[in-house]
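Visitor: First the structure, which I've put down as structure tokens, then a few questions once you've had a look.
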């Protein structure tokens, strides 16, 4: 009987030795060795970073934020519309404006607005009565805007002709910009290329974009 009991004990010992020890998962092992799991586990103002309590200054990436990358701004595209020359025939300018002699003297460039006929030269020269003559040299449409180049006698000033370029906006029915063209010559040249217009006498050339005179 004692022999049978001894053999049973030996068999149980052999079975216990053959049993393999199961490995502990790495995540469990790491968790068991971690000092903290969240910021409140740390004392004072320290925070929990990768299982360790560290000061906020030592935490990577908190004080060094990557600079924002801005996409390069591209130049604005030119409008797809272009300058369209208006036909000047006698007193008619492209079916939009007409010229006439003023009763008080000088000449007028007329536009039929919602409020009635407007002499746009009232907003181009200082004294419309002293313009002498008004000659429309060039006229262009650009969308809802018109750019006119006109020469005047300007009451016998030293130049044979004083020339102006101005923008008339049909939306506001008003002159929105004007400029004197450099030079005293009576000859006026112009070249339209897409949204760019070059006007030149015997002085420096003037360039206007998108129908705007500034």
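Coordinate-derived values only; no laboratory data. Keep in mind that what you see is a predicted model, and the values were worked out from it rather than measured. Backbone-built Cβ (ideal geometry, glycine too); neighbour counts: all protein chains shown.
Visitor: Between residue 204 and residue 96, what FRET efficiency follows from the Cβ-Cβ distance if R0 is 35 Å, with the result rounded to 0.05?
Guide: The calculated FRET efficiency here is 0.75.
Visitor: Can you tell me the length gained on complete extension of the stretch residue 115 to residue 172, counting 0.36 nm per residue apart and subtracting the Cα distance?
Guide: Between residue 115 and residue 172, full extension yields 19.4 nm more.
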